[in-house]
Every structure is written in structure tokens, then in C-alpha cells.
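The values are calculated or read from the model by the stated rules, or taken from the named source; none is laboratory data. Since the structure is predicted, the reported quantities are computational estimates derived from the model, not experimental observations. Ideal geometry is used to build each Cβ from the backbone, glycine not excepted, and the neighbour counts take in all protein chains shown.
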Amino acid sequence: MEDETRELVAVPIVPIIDESIIPKKGLKNEDPLEQEFPVVEMFYSIQGEGFHVGVPSIFIRFGGCNLACSWCDTKFDEWENITLRQIVEKLESWDCERIVFTGGEPALQDLETLSQVLHPLGYSLAIETNGTIELPEGVVDWICVSPKNQLYTSVKIRQCVGDELKVVWVGQKLSMYDDLVAGFTHHFLQPMYEESKDAAWNGINFQNTNEMVKSNPKWRLSLQTHKWMGVE
């Protein structure tokens with residue numbers, strides 16, 4: 001048991017991504033509907049974690065990321081470039097007005113154009129971001145920052161305000177977020193889920209995260225309920 005605990009709290013070793021690789025935004029098309037975006041997938045499901053757990057939502061998962069977290073379950077380096085017009089046509093097939101931009105890292109995308117087109121159509125826009133790129137003001141309605149500086153200690157968190165701070169716990173001290181918590185209304189601690197590990201390993205991880213929340217009641221526990229349910 002002692003060996004498993006040491007493995008549980010060990011920070012995974014991943015390569016540090018130089019922040020200089022963050023691409024600059026390209027020129028916008030005259031017709032915003034003809035602008036292309038790298039989309040890994042679009043799907044309609046329920047929000048499985050964090051503040052809006054259980055809320056029906058449309059997820060747009062964008063390709064590309066400036067980090068490479070060991071627990072990431074997304075093939076963010078495989079995508080199809082599609083126009084915003086095609087995105088809107090797909091959205092119209094679902095009876096839902098809440099959209100979540102995720103990735104990869106969605107803050108790499110042209111959020112101003114997405115907001116310009118989607119807000120007037122009645123959509124509420126949320127984003128799940130690692131916080132390394134500061135968001136343009138007013139382009140989304142809900143900001144969830146899930147910082148990865150527990151892995152990338154040299155990476156600066158630039159989006160320091162938002163609605164939801166959702167930390168994946170891998171054994172780090174919560175004091176490292178003391179400068180961030182004041183900028184967010186809701187604070188969540190979420191156990192790292194390792195698909196490569198068995199149920200017993202992940203169960204210990206969940207239990208330890210639960211104890212961490214009990215010892216730090218300013219934080220709330222977040223679980224990835226969609227994985228338990230077997231849905232996207």
C-alpha cells in the first residue's frame with residue numbers, strides 16, 4: 001500500500017512545452033461563416049464534471065494544444081478543418097442552447113468570431129481552458145480554468161479570473177493556487193483518472209482526493225460522472 005501511495009502522488013513526467021509555440025491568430029475571412037476551425041469532434045451530451053454537472057450541453061472539441069498532459073484522453077492532434085457555417089448547421093440538429101468549447105486548448109481559436117456568430121443565434125458559450133492564454137473580454141459566458149501548472153511549473157497562468165477553477169489533483173499542495181482562488185467564484189478539486197490504471201488504483205486516488213477536500217472545505221469535489229456512465 002505504501003508503494004501505491006507514493007506512485008499516486010507522484011507528478012507525472014511530461015515534456016515541458018515552450019510557450020513560444022502558441023500560434024498567432026490568422027487573418028479573418030470577410031464572411032465569418034466561411035472561416036475554418038480545427039474540430040476534433042462535436043457532440044451533444046451532459047456536462048459530466050464541475051459546476052454544471054448534469055446540464056445538457058453541446059461540446060465543440062477543437063484541435064491543437066500548447067501542453068501535453070499525461071492524463072489527457074483527447075486526440076487533439078487529429079482534426080478536420082470545417083467552416084463556421086458547417087458548425088452552425090450541425091448545431092441546429094440539437095435542441096440545446098449551451099455550448100462548451102473544449103480541446104485541446106480552445107483558447108488558441110478565434111473566439112471573437114465564434115462569439116460574433118453564435119451569441120446572436122441565442123447560444124450561451126462556455127470554455128474549458130488551461131488558463132495559459134488570456135481570453136478576450138466578453139466572448140464567453142462561463143469560464144472554467146483547469147490549470148496544469150502542477151505539471152508545468154514554468155508555465156504562467158494568464159487567465160486569472162473566471163467562474164470556475166477546476167484543479168486536477170495529482171498530489172500537489174493546494175497552497176500553490178492561493179493567488180488564483182480569489183479570481184474565481186467556484187473551486188473544484190478533481191481526482192486524476194488514469195485509464196491505464198486499474199479500478200483499485202483509481203479508487204485509492206478518488207479516496208485520497210476526497211480526504212483532501214474534507215481537509216480543505218473551501219474546495220468542492222468534482223468527479224467525471226460521464227466516464228462512470230460510459231457516455232461522452
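Observations on the structure shown:
- Residue in the stretch 160-176 that is farthest from the chain's Cα centre (by Cα), counting only those that are closer than 10 Å to Cys144 by Cα and surrounded by fewer than 20 Cβ atoms within 10 Å (Cβ to Cβ): Val161
- Identity of the residue in the stretch 201-232, among the hydroxyl-bearing types (Ser, Thr, Tyr) and more than 28 Å from Ile58 (Cα to Cα), that ends up modelled with the highest pLDDT: Ser215
- Within the stretch 28-54, residues that are under 30 Å from Leu221 (Cβ atoms) sit with their Cβ atoms under 8 Å from residues that are basic (Lys, Arg) and part of a loop (DSSP other than H, G, I, E, B), at 6+ positions apart or across chains, in these pairs: Val40/Lys75.
- When the stretch 74-128 is limited to residues that are of a type in the set (Phe, Trp, Tyr), in a loop (DSSP other than H, G, I, E, B) and at pLDDT 95 or above, the one that is surrounded by the most Cβ atoms within 10 Å (Cβ to Cβ) turns out to be Tyr123.
- Residues that are surrounded by fewer than 14 Cβ atoms within 10 Å (Cβ to Cβ) and modelled with pLDDT under 90, drawn from the stretch 177-200: Glu195, Ser196, Asp198, Ala199, Ala200
- Put simply, of Ile133, Ile143 the only residue that is touching a residue at least 12 places away in the same chain (Cβ under 8 Å) and touching a Phe, Trp or Tyr at 6+ places or on another chain (Cβ under 9 Å) is Ile143.
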